[in-house]
Amino acid sequence: MRTLRDIECFLTDMDGVLVHEEEPLPGAAELIDRWVTTSKRFLVLTNNSIFTARDLSARLARSGLNIPEENIWTSAMATASFLENQPGNKTAFVIGEVGLTTAIHEAGFVLTDVDPDFVVLGETRNYSFDVITRASRLILEGARFIVTNPDATGPSKDGILPATGAVAAMITAATNRTPYVVGKPNPMMFRSAMNRIEAHSETTAMIGDRMDTDIVAGMEAGLLTVLVLTGVTTAEDVATYPFRPDLMLGGVNELVERI
C-alpha cells in the first residue's frame, strides 16, 4: 500500500483544509511554505468559480497564506480546460463571474448569445430570470449544457445561499437536459489538475475535508486520499460511507509533521 513517503505531488482542497471563514487553519501556512521552499508540485483546488487564480492568491495572502497563483486550480479553470479539448466551434454563452469568463476567454472561446456551441453555468451572485431564460432556450436549440460545479448551496455570514447546482437544477427542469458537471466530485477536475503540474496518480495525494467530494473523487482518480477533520466531515461521519480515506488526520498541522 502507498504511504506519504511515496507521494511526490499534492492536491488540496481550500475551505475546511487550509482556511475557515478566511482564517488560516493550524499548520496551513507551514505546509504551504514547506511545499514552496522545497519546490514540491502542488495545487490548491476549489469549486468556487467566481474568482481568478490571481484574485484568490491575493485573498489568501490577506489570510496569511502565501500561495502563488500558479498553484491554484479552480472549477472555472478545469471547465475551460475541459472545453478546450471538446470538438466544435469555440463559442459559449456564459453565466458567471470574472473567474469563469477569464478562463473561458483564455481557452480561446468567443462569448456570445447567438447560436453558441455551449451554455456554461458557474457561480454568480447576479442571476437573473432573463439570463436563465436565454440559457434555457439556447440549450433547447442545441447548445451543450456545462456546469462548473454541483454545489447546491454556498455559505455566507447570514446563512446559506443558493449556488450553481440549484440554478442548474432549475434549467434542467425547464429543458429536460442534464448538464455535464466538471468540478468536484467529478474526477475530471483532479485529472486536469494533475495534467497542469505533470503529476501521476500513483504518486499524488488529495487532501480534503469532505468524504462526498474530495475523498470519493480522489479515490476514483486513483490518488492517495487524506481526510482532515477541520471542515465538514467528522470522524463519526466516516463510518456512514462504504469507502474510507487512506489516511485520516485532525488537520494539516499533523501532515506537516509527516512529510
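Key figures for this structure:
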quantity: Qualifying strands (runs of 3 or more DSSP E) (wholly inside the range 158-259; at least 3 residues being within 18 Å of MET14 (Cβ to Cβ) and in contact (Cβ under 8 Å) with a residue 12 or more places away in the chain); calculated: 204-208, 224-228
quantity: The listed residue being of a type in the set (Val, Ile, Thr), farther than 18 Å from MET1 by Cβ, at pLDDT 95 or above and under 14 Å from the mean Cα position of the chain (by Cα), out of VAL182, VAL228; calculated: VAL182
quantity: Residue list for the range 93-118, restricted to those being in contact (Cβ under 8 Å) with a residue 40 or more places away in the chain and part of a strand (DSSP E or B); calculated: PHE93, ILE95
quantity: Residue within the range 147-157 that is aliphatic (A, V, I, L, M), surrounded by 15 or more Cβ atoms within 10 Å (Cβ to Cβ) and closer than 17 Å to ASP13 by Cα present; calculated: no
quantity: Pick from the range 123-146, criterion assigned to a helix (DSSP H, G or I) and of a type in the set (A, V, I, L, M), ranking: surrounded by the fewest Cβ atoms within 10 Å (Cβ to Cβ); calculated: LEU140
quantity: Which numbered condition LEU56 fails, given (1) outside the structural domain of ASP212 (by TED's automatic domain parsing); (2) within 21 Å of ASP209 (Cα to Cα); (3) touching a residue at least 60 places away in the same chain (Cβ under 8 Å); calculated: (3)
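The values are calculated or read from the model by the stated rules, or taken from the named source; none is laboratory data. Because the structure is predicted, anything quoted here is derived from the model rather than measured. Ideal geometry is used to build each Cβ from the backbone, glycine not excepted, and the neighbour counts take in all protein chains shown.
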